[in-house]
Amino acid sequence: MSETGLISDSLAEDSALTALDDIHISFYDSVEAIGRQDWLLMFRDDNPFTQFDYLLALEQSQCVCPLTGWTPKHIVVQTGDKVVAILPCYEKTHSWGEYVFDWAWAEAYERNGLQYYPKLVAAIPFTPVTGQRFGIMEGASKSVRHHLISCILNFLNRSIEQDFSSWHCLFLPKDDFNFASQQSIARLATQFHWGNRGYQNFDDYLRHLVSRKRKTIVKERRMVSEYHFEFITGEQASSAQWEHFIECYQQTYLKRSGHTGYLSSDFFEQLADTMGNQIRLLIISDPQQTMVASALYFVSKTHLYGRYWGCLQEVDGLHFEACYYQGIEYAIKHGLTTFDAGAQGEHKVARGFEPIETYSNHNVAHAEFSHAINHYCQQEQLHIKQYMTQMSAKLPYKQNSE
């Protein structure tokens, strides 16, 4: 590029930043109040969980509302009447459904006679999936993007001076995390994701594993070989199949947690109508063709996301097959690069899921607690990296596997 071109670009960028000086930032109490068109202009990728329809279903089904402790307080940045940035955000009165755990922080507040709740959480409710949190107008340069993010962070900081103890932005992309970390507390965590190394099929994937791990997987799959597994798009799934999945989801939550889950049948039914093309419903039937289990997956152009599963009868090996091996097979068949099977679970490592970093940013209004939490997160980061190194050493791949 010529020097004249560089000067022209610089002037254009300065002009864009100047135009953004006159901005207005406010809370909105629903995605519907923001509007589908403006939302789609800010969140342009196909991550299913930042889609307008996903968050709309959460709100209209009352899965997120004051009664559930998730009050929508989405942050919208405007210049004039034009929306230039959005941050999905919620006022929280507890820490359930976030998957970045701050219970110890809340307990420390309580021990010192302080209120930790309400707090502000910028996240996708009940969804520990990395994705865009700062939706920024199309065509924004890096400096304009950073300027808008800084404006939002400053707005959050002013908010916690008055009405909230803290703000928390969860599961950010690394670039936004690095920038926000200059103005907030940085926190590192890890998940286990499966990466497609160009495998031709599941057997090709197995050939890249050491013998002992390969034999274990073959043995686990053989345990449920008489069962029938079928992926169906959300659009094609029948009412009976959706009802079966919802029953499995609720029964499994009830056995594990004593309640029927964060998400209601109304939420799932609305998703089936509005986002069916990004849903893959796995229906599992026994040898008598009776549906006995189910799992809910989402897809983007590059990723497969395993979100929920449930069963009506306990079958050895069924969980691994439904939640891991079927997903791996689907990702290979459809050329997807990454399979995110959900949070935690180091048992995934033996099945080829590799540790990856996840990122969150935080700010706490109380100065002394802010200092203590920042120190804690710095120490935690060292332990997380050490843990990831230990888990990587346990991966089942042959040393020469590319």
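The values are calculated or read from the model by the stated rules, or taken from the named source; none is laboratory data. None of these values were measured; they are calculated from a predicted model. Methodologically, a virtual Cβ is constructed for each residue, glycine included, from the backbone with ideal geometry; neighbour enumeration extends over all protein chains shown.
For region 343-402, enumerate the residues that are among the basic types (Lys, Arg) and part of a helix (DSSP H, G or I).
Residues of region 343-402 that are among the basic types (Lys, Arg), as a first pass: 348, 351, 385, 394, 398.
Once the filter is applied, which keeps residues that are among the basic types (Lys, Arg) and part of a helix (DSSP H, G or I), region 343-402 yields 348, 351, 385.
Could you pull out the residue among 283, 279, 332, 328 that is within 11 Å of residue 227 (Cα to Cα), of a type in the set (Val, Ile, Thr) and crowded, with 19+ Cβ neighbours inside 10 Å? Reasoning before the result, please.
Details: 279 fails: within 11 Å of residue 227 (Cα to Cα); 332 fails: within 11 Å of residue 227 (Cα to Cα); 328 fails: within 11 Å of residue 227 (Cα to Cα).
After applying the criteria, what remains is 283.
Can you pull out the residues in region 153-174 that are outside any loop (DSSP other than H, G, I, E, B), surrounded by fewer than 23 Cβ atoms within 10 Å (Cβ to Cβ) and polar (S, T, N, Q)?
Passing the criteria: 154, 157, 159.
Working carefully through the options 229, 177, find the one that is closer than 29 Å to residue 298 by Cα, aromatic (Phe, Trp, Tyr), part of a helix (DSSP H, G or I) and in contact (Cβ under 8 Å) with a residue 12 or more places away in the chain. Break it down stepwise before answering.
On the way: 229 fails: part of a helix (DSSP H, G or I).
Only one candidate passes the filter, namely 177.
Residue 309 is checked against (1) in a strand (DSSP E or B); (2) closer than 18 Å to residue 397 by Cα and fails just one. What number does that condition carry?
Looking at each condition in turn, residue 309 falls short on (2).
What are the residue pairs meeting all of these: first residue in region 254-267, first residue over 12 Å from residue 62 (Cβ atoms) and free of Cβ contacts under 8 Å to residues at least 12 places away in the same chain, second residue in a loop (DSSP other than H, G, I, E, B) and of a type outside the set (Ser, Thr, Tyr), Cβ atoms under 9 Å, and 6 or more apart or on different chains?
Correct list of pairs: 254/261.
Checking the condition surrounded by fewer than 20 Cβ atoms within 10 Å (Cβ to Cβ), closer than 14 Å to residue 194 by Cα and either in contact with a Gly (Cβ under 7 Å, 6 or more places away or on another chain) or of a type in the set (A, V, I, L, M) (or both), which residue from 382, 395 passes?
Numbers: 382 fails: closer than 14 Å to residue 194 by Cα.
So the residue among 382, 395 that is surrounded by fewer than 20 Cβ atoms within 10 Å (Cβ to Cβ), closer than 14 Å to residue 194 by Cα and either in contact with a Gly (Cβ under 7 Å, 6 or more places away or on another chain) or of a type in the set (A, V, I, L, M) (or both) is 395.
Determine which member of the set 290, 260 is modelled with pLDDT under 95 and surrounded by fewer than 21 Cβ atoms within 10 Å (Cβ to Cβ).
Numbers: 290 fails: modelled with pLDDT under 95.
Selected residue: 260, the only one of 290, 260 that is modelled with pLDDT under 95 and surrounded by fewer than 21 Cβ atoms within 10 Å (Cβ to Cβ).
Please identify the pairs in which a residue from region 80-91 that is more than 16 Å from residue 125 (Cα to Cα) has its Cβ atom under 7 Å from the Cβ atom of a residue that is of a type outside the set (S, T, N, Q) and assigned to a loop (DSSP other than H, G, I, E, B), counting only partners at least 6 apart or on another chain.
Partner pairs satisfying both residue conditions: 84/20; 84/137; 85/134; 85/137.
Filter region 165-195 down to residues that are farther than 30 Å from residue 115 by Cβ and touching a strand residue (DSSP E or B) at 6+ places or on another chain (Cβ under 7 Å), then give me how many there are.
Number of matching residues: 7.
Pull up region 219-240, narrow it to residues that are under 14 Å from residue 320 (Cβ atoms) and surrounded by 13 or more Cβ atoms within 10 Å (Cβ to Cβ), then point me to the one that is nearest to the chain's Cα centre (by Cα). Full working, then the answer.
To start, the set of residues in region 219-240 that are under 14 Å from residue 320 (Cβ atoms) comprises 219-225, 227, 229.
Checking which are surrounded by 13 or more Cβ atoms within 10 Å (Cβ to Cβ) leaves us with 220-221, 223-224, 227, 229.
Details: 220: 29, 221: 28, 223: 32, 224: 30, 227: 30, 229: 26 Å.
Only one residue tops the list, namely 229.
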